[in-house]
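*Asks:* Structure in structure tokens, see below.
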């Protein structure tokens with residue numbers, strides 16, 4: 001080939017042949033390598049599941065006809081309502097009253113209040129005194145009333161021409177007799193005899209177990 005000279009056309013053909021020899025083997029190798037690689041299981045593009053006719057997919061949602069409703073979407077668990085309505089608990093039922101009688105705090109029976117006993121008032125200048133007495137519970141004057149009785153007889157209204165008026169409630173005859181005896185005995189301890197006492201009864205509508213007793217000095221025409 002000495003002295004052989006390529007023409008322009010020959011040069012082009014040689015270049016094309018060289019390129020074909022390089023590109024075609026490279027393309028074949030690349031295609032084989034590509035086909036020999038395993039599919040990537042994590043690639044979501046290689047595992048596109050096709051929907052089964054007649055079976056709804058869990059990720060698919062049916063279009064809502066009320067999508068233009070201002071209350072859309074409906075509240076959870078509310079059905080066709082537009083907002084969640086919490087369940088309303090029924091009010092607590094009141095405790096049934098105990099048929100065994102009046103009950104106090106925490107179901108404890110209510111005890112009746114004790115009767116009022118003892119001094120109520122004393123006015124030495126006016127010569128008056130009042131106290132409460134419970135015939136069913138007492139057989140003598142309480143200590144506070146007995147002490148006040150000693151103050152009562154120091155009144156300036158206690159003169160030689162005066163006696164002590166004792167006003168009792170209109171009780172049963174036996175209770176009146178017992179109360180008269182209790183008061184007479186208390187005055188006797190201060191040196192005042194039965195003849196210096198005058199007993200009268202007054203009407204009362206009280207239904208309690210204790211009653212008021214009134215004492216006062218009154219003037220008499222005869223001297224002691």
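The values are calculated or read from the model by the stated rules, or taken from the named source; none is laboratory data. Everything quoted here is computed from the prediction, not taken from an experiment. Cβ coordinates were reconstructed from backbone atoms using ideal geometry, including for glycine residues, and neighbour counts include every protein chain displayed.
*Asks:* Looking only at region 125-147, decide whether some residue is buried (at least 16 other Cβ atoms within 10 Å of the Cβ), without any contact (Cβ under 8 Å) to a residue 60 or more places away in the chain and assigned to a strand (DSSP E or B).
*Replies:* no
*Asks:* Only residues that are under 19 Å from residue 126 (Cα atoms) and either without any contact (Cβ under 8 Å) to a residue 12 or more places away in the chain or in a helix (DSSP H, G or I) (or both): list them for region 188-207, please.
*Replies:* Within region 188-207, 196 is the sole residue that qualifies.
*Asks:* Let me ask something else about it. Kindly evaluate residue 181 against the criterion of being assigned to a loop (DSSP other than H, G, I, E, B) and either buried (at least 16 other Cβ atoms within 10 Å of the Cβ) or within 58 Å of the chain's Cα centre (by Cα) (or both).
*Replies:* Criteria not met by residue 181.
*Asks:* Report yes if some residue within region 148-159 is closer than 16 Å to residue 133 by Cα and either out of contact with any helix residue (DSSP H, G or I) (no Cβ under 7 Å at 6 or more places or on another chain) or in a helix (DSSP H, G or I) (or both); otherwise report no.
*Replies:* yes
*Asks:* Take the residues of region 151-172 that are exposed (fewer than 15 other Cβ atoms within 10 Å of the Cβ) and under 53 Å from the mean Cα position of the chain (by Cα): which is modelled with the highest pLDDT?
*Replies:* In this case the residue turns out to be 151.
*Asks:* Please determine whether any residue of region 182-195 is in contact with a strand residue (DSSP E or B) (Cβ under 9 Å, 6 or more places away or on another chain) and farther than 28 Å from residue 221 by Cβ.
*Replies:* So far as region 182-195 goes, yes, one or more of its residues are in contact with a strand residue (DSSP E or B) (Cβ under 9 Å, 6 or more places away or on another chain) and farther than 28 Å from residue 221 by Cβ.
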